[in-house]
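A short worksheet on the structure shown next.
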Amino acid sequence: MVMHFMDSATYHDLPDAPHPPLVWGRAADGSADKRMPNGSVFVGTEGWVIVNYGKVITNPASLMDSVVGPNEIHIPGSALDKIPEGLPKGFQQALTAGHHQDWIRAIRTGTPVVDDIESAFRSDMVSQLADLCIRTGEPVKWDPVKETVIGNDTARAMMRKPMRAPWGVS
C-alpha cells in the first residue's frame, strides 16, 4: 500500500484530490474555511471517504448506506449520543469524549477498549514516519513485520535516541 501524508494546505492545492463541497471547520480568524483542517482521505475504486473527528463525508453519498458484511472488517464505534453532564464542553473534548467514556467503561467492567494500545501504536506510527520523511527529505519505506525503516539508514538511525546514563536495555 502506498500512503501519502501531507499537511492540509498542500492537500487543498491538489486539483485532482477529493474536496468536500461544504464548509468544514473554521479559519484562524473565525471565518468559514472550505479546507478540511485535519482528517484522513481514503480513495478507492468506487469513490472516496473523508473522515475526521466528528464528520464523515463520502462520494458517492450512497457509500454511507453500505452495509458491512459478516465476514468483512467491522470497526466498532465509540461515539456518544450526547456528552455526559459535567464533561468539559470544549471542541476537542466533545469530539474525544466517546474515547474517554470507553476507557472508563473498560476500567469498570474489565472489557477491552475499542481502540487498544496496538491500534494507537499503529496509527501514531504514520505520524512518526511522516516526520522522518520531512526531516530527511526522502521517502520512507516501513517494514511492519520487523517494525523498522528499510532502505534509509538516516531515517532508521533517527528512530532511536541514545539513552542517558545510567539507563540502558539489557
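The values are calculated or read from the model by the stated rules, or taken from the named source; none is laboratory data. This is a predicted model, so every value here is computed, not measured. Virtual Cβ from ideal backbone geometry, glycine too; neighbours counted across all protein chains shown. To get the accessible areas, we keep the full protein, side chains included, count just its heavy atoms, and leave off ligands, DNA and RNA. Shrake-Rupley method; radii C 1.70, N 1.55, O 1.52, S 1.80 Å.
Side notes on the structure shown:
- Hey, residue 152 at pLDDT 85 or above, more than 23 Å from the chain's Cα centre (by Cα), of a type outside the set (A, V, I, L, M, F, W, C) and within 30 Å of residue 50 (Cα to Cα) or not: no
- Every residue from the stretch 113-164 that is assigned to a loop (DSSP other than H, G, I, E, B) and open to solvent by less than 70 Å² (accessible area, probe 1.4 Å): 113, 114, 137, 140, 152, 159
- Against the test of being of a type in the set (A, V, I, L, M, F, W, C), in contact with a His (Cβ under 8 Å, 6 or more places away or on another chain) and either farther than 17 Å from residue 4 by Cα or without any contact (Cβ under 8 Å) to a residue 12 or more places away in the chain (or both), the options 114, 169 yield a single qualifying residue, 114.
- Test: residue in the stretch 90-103 that is of a type in the set (S, T, N, Q), at pLDDT below 80, part of a loop (DSSP other than H, G, I, E, B) and open to solvent by less than 70 Å² (accessible area, probe 1.4 Å): no
- Among the criteria (1) open to solvent by 90 Å² or more (accessible area, probe 1.4 Å); (2) within 30 Å of residue 76 (Cβ to Cβ); (3) assigned to a loop (DSSP other than H, G, I, E, B); (4) hydrophobic (A, V, I, L, M, F, W, C), the one residue 167 does not fulfil is (2).
- Any pair with Cβ under 9 angstrom, 6 or more apart, that starts in the stretch 127-153 at a residue that is of a type in the set (Lys, Arg) and ends at one that is open to solvent by 50 Å² or more (accessible area, probe 1.4 Å) and assigned to a helix (DSSP H, G or I): 135/154; 135/158
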